[in-house]
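Participant: Before I ask anything, here is the structure I am working with.
The values are calculated or read from the model by the stated rules, or taken from the named source; none is laboratory data. Small disclaimer: the values here were computed from a predicted structure and weren't measured. Neighbour counts run over all protein chains shown; Cβ positions are idealised from the backbone, glycine included. Note: areas computed on protein heavy atoms with side chains; ligands, DNA, RNA excluded. Shrake-Rupley method; radii C 1.70, N 1.55, O 1.52, S 1.80 Å.
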Amino acid sequence: LAARYDDALTVAESAIETICRFRLDFAIPYALCPAATAAAGRRQWTTANALVEEALRSARSARNAYAEHICVATTIRILAQQGRHQAALAVEIPELSASLPSATSEVLASRALVLASSSRLGEASALVDEARGASSAIEPTVLIAAAEAIDGGPRRAHTPTTVSQTRQTGMKTF
């Protein structure tokens, strides 16, 4: 698994070099978020936090609502991965109507996952329903399945099958 994070980091670093070389500043957040996720996967928390913060600053300075929402979703997940659930839930959610449905759904599903992990199942279930209604994109679909695996889903009993289905969804997706 560590090798995959190394591969992801290599690809992200190459993208960042290309972005800088050709002055494609609008694309910076799209390279920094995967780099932050790879660093988090390697448990390099300081690096992960710095990269996602830089991505968020870049998105906001460019007034790119879609990139900002992707950065916010990534921030929420990285904080949760560190076990900092309260910090993840304290992340300010920007106005979501200014973005594409897939980014809106990813933010909602990321927050739902943290709520479910924090045993706030009712709130998680409501956000899962909202996220599901916003988009059927890959990232939110996997996040929704993970949140539902934690609480058994709004309409399912919690069983080992739920966890297995979540794994299968992730495998099919990627």
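Participant: With a cut-off of at least 2 residues that are small (Gly, Ala, Ser) and surrounded by 18 or more Cβ atoms within 10 Å (Cβ to Cβ), name the helices (runs of 4 or more DSSP H) lying wholly within the range 1-95.
Facilitator: Working: elements: 2-21, 28-41, 45-61, 65-81, 85-90.
Once the helices (runs of 4 or more DSSP H) in the range 1-95 are filtered for at least 2 residues that are small (Gly, Ala, Ser) and surrounded by 18 or more Cβ atoms within 10 Å (Cβ to Cβ), what remains is 2-21, 28-41, 45-61, 65-81.
Participant: A further question follows. Return the only residue of Leu100, Leu51 being hydrophobic (A, V, I, L, M, F, W, C) and under 19 Å from Ile138 (Cβ atoms).
Facilitator: Of the residues listed, the single one that is hydrophobic (A, V, I, L, M, F, W, C) and under 19 Å from Ile138 (Cβ atoms) is Leu100.
Participant: Separate question: Among the residues of the range 96-113, how many are open to solvent by 30 Å² or more (accessible area, probe 1.4 Å), assigned to a helix (DSSP H, G or I), more than 9 Å from Ser135 (Cα to Cα) and hydroxyl-bearing (Ser, Thr, Tyr)?
Facilitator: The number of residues fulfilling the criteria is 0.
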